[in-house]
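Data block below; observations after.
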Amino acid sequence: MTTFDETILDNLEIELPSWAFGNSGTRFKVFGTPGTPRTIHEKIADAAKVNELTGLAPSVALHIPWDTVDDYRVLGSYAADLGVRLGTINSNTFQDDDYKFGSLTHTDKTVRQKAIDHHLACIDVMGQTGSRDLKIWLADGTNYPGQGDIRGRQDRLAESLATIYQHIGDDQRLVLEYKFFEPATYVTDVPDWGTSYAHASALGERAMVCLDTGHHAPGTNIEFIVAQLLRLGKLGSFDFNSRFYADDDLIVGAADPFQLFRILFEVVRGGGLDTGSPVALMLDQCHNVEEKIPGQIRSVLNVQEMTARALLVDTDALTAAQEAGDVLGANAIMMDAFYTDVRPMLAQRRESRGLPADPMAAFATSGYAERIADERVGGTQSSWGA
Ligand code: AOS
Ligand code: ZN
Ligand code: ZN
């Protein structure tokens with residue numbers, strides 16, 4: 001097996017979303033699961049279990065107001081006691097009647113101000129949690145031609161973002177996520193990487209793009225976008241998940257492992273996993289029918305496995321083949337790395353670092369699932385959202 005720089009694997013960190021541990025579903029049905037967290041504390045405990053067994057997930061993203069608490073410093077200490085830290089703060093301007101026709105883009109200044117104030121409150125939370133990133137995903141958009149002034153909405157968006165950005169601290173970042181459709185079905189106000197990049201560039205150095213892998217039209221070459229954003233120095237973070245149809249939020253690497261490999265190859269190629277890189281890796285997933293904690297374990301392992309395979313690409317040989325016009329040779333170098341089973345090597349690495357060789361099996365025999373099912377009775381289970 002080709003050898004590679006081990007530090008990239010050693011330093012790999014994938015943030016877990018608090019909402020992945022709650023019940024989620026479709027508009028037809030949300031299925032409850034025994035042991036589902038009832039509080040943000042229980043979500044953090046579950047996330048910490050994933051980190052304990054994999055060594056890959058030392059931070060948890062919060063969604064405000066879903067994860068609102070009185071004292072975020074106390075919550076941070078609680079997380080630290082469990083071996084994790086609080087990470088990205090996600091704003092939410094998509095579950096309030098006032099935002100029916102938009103939030104940061106709304107024609108009504110009062111509604112825009114309400115949405116801006118929510119983001120300022122999120123920045124305040126970041127100050128208490130020590131979080132670096134404010135991640136903004138907007139549901140803003142329109143469903144029918146003529147419903148809104150496309151250009152005016154962009155102008156208002158730019159103005160609102162600029163107001164929020166003024167409050168972003170020197171050590172903080174504003175990360176703007178794009179999505180091609182849903183809930184809006186005609187115009188989405190931040191539909192693609194170009195729009196996100198245009199706004200982030202206008203804001204300044206501490207504004208970056210968030211690439212959610214499930215937010216592209218079928219057939220989109222996502223690794224190209226990754227390469228381009230890295231070139232431009234504007235790839236701030238990933239929301240990892242996978243999809244068959246739309247924004248399915250399935251386990252990353254489940255639907256198309258080869259695509260994940262190609263994406264991670266470009267991340268490595270662009271220095272996105274080098275020490276000090278601005279690229280943050282995060283999951284943005286829901287577990288509708290599968291168990292949630294194993295779902296998160298499987299996810300971070302998938303990212304680790306595809307990172308290892310991407311690192312196996314013999315880049316010197318690849319460059320030589322590319323420059324020689326050896327199309328099939330170059331392609332074979334990529335495929336050799338992709339088809340390499342890195343699982344035994346990763347199991348060995350885990351053992352040598354005091355982690356279980358097989359985190360999925362370790363969780364299954366840990367008794368944790370049974371314990372939380374017994375303990376977490378009464379109260380209301382969290383669902384996607386609260
Ligand atoms: C929505 O589709 C986006 O992926 C956002 O990242 C969103 O904030 C997240 O899914 C949690 O709702
Ligand atoms: Zn997302
Ligand atoms: Zn999404």
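Going by neighbour counts of Cβ atoms within 10 Å, the residues 68, 26 line up, fewest first, as 26, 68. Remark: 49, 135 ranked as 49, 135, counting other beta-carbon atoms within 10 Å and listing the fewest first.
Using just its DSSP H runs of length 4 or more, each adding -39500 (n - 2.57), the chain gives a mean residue ellipticity at 222 nm of -13500 deg cm²/dmol after division by all residues. When only alpha carbons of the range 98-232 are considered, Rg and Dmax amount to 14.7, 43 Å.
With a ≥ b ≥ c taken as the square roots of the eigenvalues of the C-alpha gyration tensor of the range 234-386, please select rounded if a/c is under 1.5 and otherwise prolate if a/b is larger than b/c or oblate if it is not? Because a/c hits 1.5 or more and a/b exceeds b/c, the range 234-386 counts as prolate. One decimal place: the segment residue 10-residue 371 gains 126.8 nm when fully extended, by the rule 0.36 nm per residue minus the C-alpha distance. Taking the square roots of five times each eigenvalue of the Cα gyration tensor of the range 40-81, the equivalent ellipsoid has semi-axes of 19, 11, 8 Å, listed largest first. Contact order, relative form, for the range 8-306: 19 percent (alpha carbon pairs under 8 Å, 6 or more residues apart, mean separation divided by residue count). Taking the convex hull of the alpha carbon positions in the range 193-275 and averaging its projected area over all directions gives 5.4 nm². Pairs exceeding a 19 Å alpha-carbon distance, out of 135/179; 49/292; 43/179; 179/234; 114/135: 43/179. Rounded to the nearest 20 debye, the dipole magnitude of the chain is 500 debye, with +1 charges on Lys and Arg beta carbons, -1 on Asp and Glu beta carbons, and the Cα centre as origin. Here the chain is described by how far its Cα atoms reach on the three principal axes: 61, 58, 42 Å, from widest to narrowest. For 249, 81, 124, 140, the sequence from fewest to most other C-beta atoms within 10 Å is 81, 124, 249, 140.
Any read-out appearing in this document is the output of simple, stated calculations on the displayed coordinates, not a laboratory observation. Being a predicted model, the structure only gives us computed values, none of them experimental. Here Cβ is always computed from backbone atoms with ideal geometry, including for glycine, and neighbour counts include all displayed protein chains.
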